[in-house]
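Report on one structure; see the data block that follows.
The values are calculated or read from the model by the stated rules, or taken from the named source; none is laboratory data. This structure is a prediction, so every number in the text was calculated from the model and none was measured. Methodologically, a virtual Cβ is constructed for each residue, glycine included, from the backbone with ideal geometry; neighbour enumeration extends over all protein chains shown.
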Amino acid sequence: MPTEISKIRRRIRFYGWVQAVGFRYRASKAADMYGATGWVRNEYDDSVTMEIQGTEEQIDNVIAAIERGSYIRIERMEVKKLEVDPEERGFYVKY
């Protein structure tokens, strides 16, 4: 289990072919598989926003798993560093 010190949190906005292609489902399953926490939601401009927390390796693994989706094509990501939320448990899809 990662220590609080080794955890990081990022808000990532994904652009490209990222809606209506299973992106949120894939993100949720990958986060569960790799032990990351946070949330993911579709935006009105056809992008997807994800806040994700874990080690750098966990986050990298989740993004790599999302990119392996058959119809998903990430063209660009905007990444912002956030403070870790020590109370957060689990990963969910926001509607």
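Pairs linking a residue in region 43-66 that is closer than 15 Å to V79 by Cβ to a residue that is surrounded by fewer than 23 Cβ atoms within 10 Å (Cβ to Cβ) and among the acidic types (D, E), with Cβ atoms under 8 Å and 6 or more positions apart or on different chains, are T49/E43; Q53/D85; Q53/E88. Among the residues examined, V62 does not qualify as closer than 19 Å to E43 by Cβ and either surrounded by fewer than 16 Cβ atoms within 10 Å (Cβ to Cβ) or over 13 Å from the mean Cα position of the chain (by Cα) (or both).
On the basis of being aliphatic (A, V, I, L, M) and either surrounded by fewer than 19 Cβ atoms within 10 Å (Cβ to Cβ) or under 14 Å from R9 (Cα atoms) (or both), does I52 make the cut? Outline the logic, then answer.
On the way: aliphatic (A, V, I, L, M): yes; either surrounded by fewer than 19 Cβ atoms within 10 Å (Cβ to Cβ) or under 14 Å from R9 (Cα atoms) (or both): yes.
Yes: the conditions hold for I52.
When region 72-95 is filtered for residues that are hydroxyl-bearing (S, T, Y) and surrounded by 13 or more Cβ atoms within 10 Å (Cβ to Cβ), only Y92 remains. Only a single criterion out of (1) at pLDDT 95 or above; (2) on the phi < 0 side of the Ramachandran plot is not satisfied by G54, namely (2). When the test is whether a residue is of a type outside the set (D, E), surrounded by 19 or more Cβ atoms within 10 Å (Cβ to Cβ) and at pLDDT 95 or above, I8 does not pass it.
Can you tell me how many residues within region 45-84 are assigned to a helix (DSSP H, G or I) and touching a strand residue (DSSP E or B) at 6+ places or on another chain (Cβ under 7 Å)?
Step one: list which residues in region 45-84 are assigned to a helix (DSSP H, G or I), which gives 56-67.
Then keep just the ones that are touching a strand residue (DSSP E or B) at 6+ places or on another chain (Cβ under 7 Å); that gives 56, 59, 62, 67.
So the count comes out to 4.
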